[in-house]
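**Q** Got a structure for you, written out below as structure tokens; questions coming shortly.
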Amino acid sequence: MNRVMRKILFGLSSFVTDLLYRRPYFDAESSQRNKLEDEILHLDLVITECCSLKCRDCSNLMQYYKHPENISSDEVISDLKKLTDCVRIRELNVLGGEPFVNQKTLCDVLCFLARECADRVDAINIITNGTIVPGEACINAMKEDNRIRVTLSNYGPLSTRQDELIRSLSDNGIGYQIIDDSFYWLDFGRPVYYAESPEFKNRQYRNCYNRKNCNTLYRGGFYVCPRQAHGIHLGLIPDDRDEYVDLNDHGFKGSEELRRAVISVVRRREHISACGYCINGKYIHVPRAVQEDHSRSLDADI
Ligand code: SF4
């Protein structure tokens, strides 16, 4: 496609997408979210901090990990067990980083979900950047469970093994979809304090796609969004303990109390501290998946 055409489409796609999908106070699931007492609609499950790409503008802050690690099966399954003991999950998104980097944990988690969460999780979505084709054990675990679907974020030439991955999924009867992430991303900004007004932060929070669709389970915590989860873990965002649920907090007297705490995070109306370190509500566009050589540090950034 020539450059002029690309520019026009870039502008059009961002305008139309923002208008229809991100910009308005549009929250089709709001009444469901506020009605469901023991179910959550969407959950992001992080199984690794490692990624096969290093995107400069990753909104989840993965580019700031200097020593990213895979998360062990025991840790992820223990968290998932505590959470699914108190709430059902409609859609579970398994991601990283890149989830196929950590195939051992992925296989163990899928087996756990098949064995113990048949009626606690409705749909399982594995989100990949199309750079890794999983091995036989993983393919077998995926094809055993018809709740599983793979979502390929298509980053064009960066998704180096996408065709191979699609062939493997098709050959094994595993469902998949391709999301064409090819035009632009919203810029969430560096994780520094932006001193915006409370009105801006509340509006940004209420409109935020991640707040609605990406409540996150990560290293023992249930968070509003992945940026809050990783920002706190990286020490880049204040650790405000009443804004997320620590699943290992022994103060909880049983799963009923835990359920109430989780549902109150899902339904929270006021912005969280992390929103002060985020500018996705300014709708600034950046090209998608621009790669960096090294992990980021704020020192280098400023
Ligand atoms: S920090 Fe706030 S505005 Fe940013 S992604 Fe999370 S919930 Fe949304």
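The values are calculated or read from the model by the stated rules, or taken from the named source; none is laboratory data. None of the values given here were measured: they were computed from a predicted structure. Neighbour counts are summed over all protein chains in view; Cβ atoms, including those assigned to glycine, are modelled from backbone coordinates with ideal geometry.
**Q** Condition first: surrounded by fewer than 19 Cβ atoms within 10 Å (Cβ to Cβ) and polar (S, T, N, Q). Now tell me which residues in the range 71-102 satisfy that.
**A** Initial filter on the range 71-102 (surrounded by fewer than 19 Cβ atoms within 10 Å (Cβ to Cβ)): 72-75, 77-78, 81, 85, 88, 90-91.
Within the range 71-102, SER72, SER73, SER78 meet the criteria.
**Q** Filter the range 200-214 for residues that are more than 8 Å from the ligand (Cβ to nearest atom) and charged (D, E, K, R) and give the result.
**A** ARG203, ARG206, LYS212
**Q** Residues in the range 228-242 that are over 17 Å from ILE71 (Cβ atoms) and in contact with a Ser or Thr (Cβ under 6 Å, 6 or more places away or on another chain): how many?
**A** 2
Each row is one residue, and each column tells you yes or no for (1) buried (at least 18 other Cβ atoms within 10 Å of the Cβ); (2) out of contact with any helix residue (DSSP H, G or I) (no Cβ under 7 Å at 6 or more places or on another chain); (3) under 20 Å from ASP44 (Cβ atoms); (4) modelled with pLDDT of 95 or more.
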position: ILE178; (1), (2), (3), (4): no, yes, yes, yes
position: TYR193; (1), (2), (3), (4): no, no, no, yes
position: ARG203; (1), (2), (3), (4): no, no, no, no
position: THR216; (1), (2), (3), (4): yes, no, yes, yes
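Rundown of residues vs (1) of a type in the set (A, V, I, L, M); (2) within 15 Å of the ligand (Cβ to nearest atom), yes/no style:
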residue: ILE148; (1), (2): yes, no
residue: TYR184; (1), (2): no, no
residue: TYR218; (1), (2): no, yes
residue: VAL224; (1), (2): yes, yes
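**Q** Find the residue count for the range 107-127, including only residues that are within 19 Å of SER72 (Cα to Cα) and either without any contact (Cβ under 8 Å) to a residue 24 or more places away in the chain or touching a Phe, Trp or Tyr at 6+ places or on another chain (Cβ under 7 Å) (or both).
**A** 1
**Q** Same structure again: Considering each of ILE148, ILE132, ILE89, ILE124 in turn, give the residue that is farther than 20 Å from LEU169 by Cα and under 19 Å from the mean Cα position of the chain (by Cα). First the steps, then the outcome.
**A** Details: ILE148 fails: farther than 20 Å from LEU169 by Cα; ILE132 fails: farther than 20 Å from LEU169 by Cα; ILE124 fails: farther than 20 Å from LEU169 by Cα.
After applying the criteria, what remains is ILE89.
**Q** Taking the range 240-261 only, how many residues are under 20 Å from the mean Cα position of the chain (by Cα) and either away from the ligand (no atom under 16 Å from the Cβ) or surrounded by fewer than 12 Cβ atoms within 10 Å (Cβ to Cβ) (or both)?
**A** Within the range 240-261, residues that are under 20 Å from the mean Cα position of the chain (by Cα) and either away from the ligand (no atom under 16 Å from the Cβ) or surrounded by fewer than 12 Cβ atoms within 10 Å (Cβ to Cβ) (or both) number 2.
**Q** Which members of the range 143-157 meet the condition of being part of a loop (DSSP other than H, G, I, E, B) and closer than 16 Å to ILE132 by Cβ?
**A** Step one: filter the range 143-157 for residues part of a loop (DSSP other than H, G, I, E, B), giving 144-147, 155.
Listed by number, the list holds a single entry, TYR155.
**Q** OK, next. Do we find that GLY173 is within 16 Å of the ligand (Cβ to nearest atom), assigned to a loop (DSSP other than H, G, I, E, B) and touching a residue at least 12 places away in the same chain (Cβ under 8 Å) in this structure? Spell out the reasoning first.
**A** On the way: within 16 Å of the ligand (Cβ to nearest atom): no; assigned to a loop (DSSP other than H, G, I, E, B): yes; touching a residue at least 12 places away in the same chain (Cβ under 8 Å): yes.
Considered against the rule, which asks whether it is within 16 Å of the ligand (Cβ to nearest atom), assigned to a loop (DSSP other than H, G, I, E, B) and touching a residue at least 12 places away in the same chain (Cβ under 8 Å), GLY173 comes out as no.
**Q** Looking at CYS208, CYS225, CYS214, can you tell me which residue is under 20 Å from SER30 (Cα atoms) and touching a Ser or Thr at 6+ places or on another chain (Cβ under 7 Å)? Explain how you work it out, then say what you get.
**A** Working: CYS208 fails: touching a Ser or Thr at 6+ places or on another chain (Cβ under 7 Å); CYS214 fails: touching a Ser or Thr at 6+ places or on another chain (Cβ under 7 Å).
Among CYS208, CYS225, CYS214, only CYS225 is under 20 Å from SER30 (Cα atoms) and touching a Ser or Thr at 6+ places or on another chain (Cβ under 7 Å).
**Q** If you don't mind, another one. In the range 208-241, which residues are in a loop (DSSP other than H, G, I, E, B) and touching a Lys or Arg at 6+ places or on another chain (Cβ under 7 Å)?
**A** Applying the first criterion (in a loop (DSSP other than H, G, I, E, B)) to the range 208-241 yields 208, 214-215, 219-220, 224-225, 234-240.
If the condition is that a residue be in a loop (DSSP other than H, G, I, E, B) and touching a Lys or Arg at 6+ places or on another chain (Cβ under 7 Å), then VAL224, CYS225 are the ones that fit.
**Q** Criterion first (among the polar types (S, T, N, Q), touching a residue at least 12 places away in the same chain (Cβ under 8 Å) and away from the ligand (no atom under 15 Å from the Cβ)) does ASN280 satisfy it?
**A** For ASN280, the condition - among the polar types (S, T, N, Q), touching a residue at least 12 places away in the same chain (Cβ under 8 Å) and away from the ligand (no atom under 15 Å from the Cβ) - is not met.
**Q** Specify the residue that is farthest from PHE222 (Cα to Cα); the eligible residues are those in the range 283-299 that are in a loop (DSSP other than H, G, I, E, B) and within 16 Å of the ligand (Cβ to nearest atom).
**A** Looking only at the range 283-299, we keep the residues that are in a loop (DSSP other than H, G, I, E, B), and these are 283-284, 287-290, 292-297.
If we keep only those that are within 16 Å of the ligand (Cβ to nearest atom) too, we end up with 283-284.
Numbers: TYR283: 27, ILE284: 28 Å.
Across the range 283-299, the extreme among qualifying residues is ILE284.
Conditions (1) in contact with a His (Cβ under 6 Å, 6 or more places away or on another chain); (2) without any contact (Cβ under 8 Å) to a residue 12 or more places away in the chain; (3) under 16 Å from TYR223 (Cα atoms), marked per residue:
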| residue | (1), (2), (3) |
| --- | --- |
| ASN34 | no, no, no |
| ILE40 | no, no, yes |
| LEU43 | no, no, yes |
| CYS50 | no, no, no |
| HIS67 | no, yes, no |
| ASP74 | no, yes, no |
| THR84 | no, no, yes |
| GLY97 | no, no, no |
| GLN103 | no, no, no |
